[in-house]
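This report concerns only the one structure given below.
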Amino acid sequence: MDERERARARRRRRRRQQKSSVKWPRFIVAVIVVLALLGGIGYGLYTGVSYVYRAVTGTTETTDTAVDNGNKQDGNTVSVEQKGLDKPLYILVVGTDDNNPSQSDSLFLLSINLDQKTMDVIGIPSNSKIDNRDQTDASMLNSIYEKGGIDLTKAVIEDMFHISIPYYVVVNQNAFKKTNDVLGNQQIYVEQTMEHVDAEGNKDIDLQRGYQTLDSDKALSYLRYSDPKHDTFTRVQRQERFLKLWVEEEHNSFFLTNAWHIWRIWDHYDSNISTLDAIKLVYNASKIN
């Protein structure tokens, strides 16, 4: 018995020695691989962040190729620049509804003067009636988008305000939800109980009055709701109020946070502003008090 026990003990020691001799080399190789991966990821992040920061702050020159790599809509983008002290940057923001995506459901004009450090958000009721350019008939603004897309809509708004609007952003419902997911749910006071039943008899809007945190679906309901009197002006006020919450959210965030937010959401929009220019614009606008 003693001899058998000693033999078992010797075999156990040999197995432990074999396991130990195999484990350490594998462990060392695994550590080296992990460190290499972390180093590569870290270098990539550092390079990307450094490039964006230098490009935004103007501390280095960016070539056309480098800038194009930052354009997620680079087929139709135009350079964003303020032409003069008294000439703000005008950006037309159009929101579309999935139920009728060919029509504009929301219209906003952003006026940003980086030199004078001012920014205004102007809500435009989408059911406003305007004369056609040939003055043969009057049309609602939302139908203008259906007839001529963003170009005709931009031209009509330019005629209304007697300004030139070089830039636009079109946001559909999915893009709105993505933006809210990235920026975070907003806390807001819902002014009244909001309920709506769709054509199939389902309640697609159901909000109660009071302070609450709105997730993306509820936030979209808050913006889409139209009271029984179809008071579009009140609806525009709600949309403008919510948009300002987003602007304030980015204004109070760090630059790298803003850059990361824009990078994640911008390719969900239809815009003639490149991703890099959008990051630069948000960075410069964050300096406005």
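The values are calculated or read from the model by the stated rules, or taken from the named source; none is laboratory data. Quantities reported herein were computed from a predicted structural model and do not represent experimental measurements. Don't worry about glycine lacking a Cβ; one is built from the backbone with ideal geometry, like all the others, and counts go over all protein chains shown.
Listing for the model above:
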item	result
When residues of the range 77-111 are limited to those that are surrounded by 12 or more Cβ atoms within 10 Å (Cβ to Cβ), part of a loop (DSSP other than H, G, I, E, B) and not β-branched (Val, Ile, Thr), the one modelled with the lowest pLDDT	99
Leading residue by the ranking (farthest from residue 93 (Cα to Cα)) among those in the range 192-242 that are of a type in the set (Phe, Trp, Tyr) and surrounded by fewer than 13 Cβ atoms within 10 Å (Cβ to Cβ)	211
Among the residues listed as 137, 131, the single one being in the same structural domain as residue 278 (by TED's automatic domain parsing), modelled with pLDDT under 85 and surrounded by fewer than 12 Cβ atoms within 10 Å (Cβ to Cβ)	137
Within the range 152-166, tally of residues that are of a type outside the set (A, V, I, L, M) and in a helix (DSSP H, G or I)	5
Unique residue being in contact with a strand residue (DSSP E or B) (Cβ under 8 Å, 6 or more places away or on another chain), under 28 Å from residue 82 (Cβ atoms) and modelled with pLDDT of 90 or more when the list is 124, 150	150
Residue match in the range 246-253 (condition: under 19 Å from residue 121 (Cβ atoms) and either among the hydrophobic types (A, V, I, L, M, F, W, C) or modelled with pLDDT of 90 or more (or both))	yes
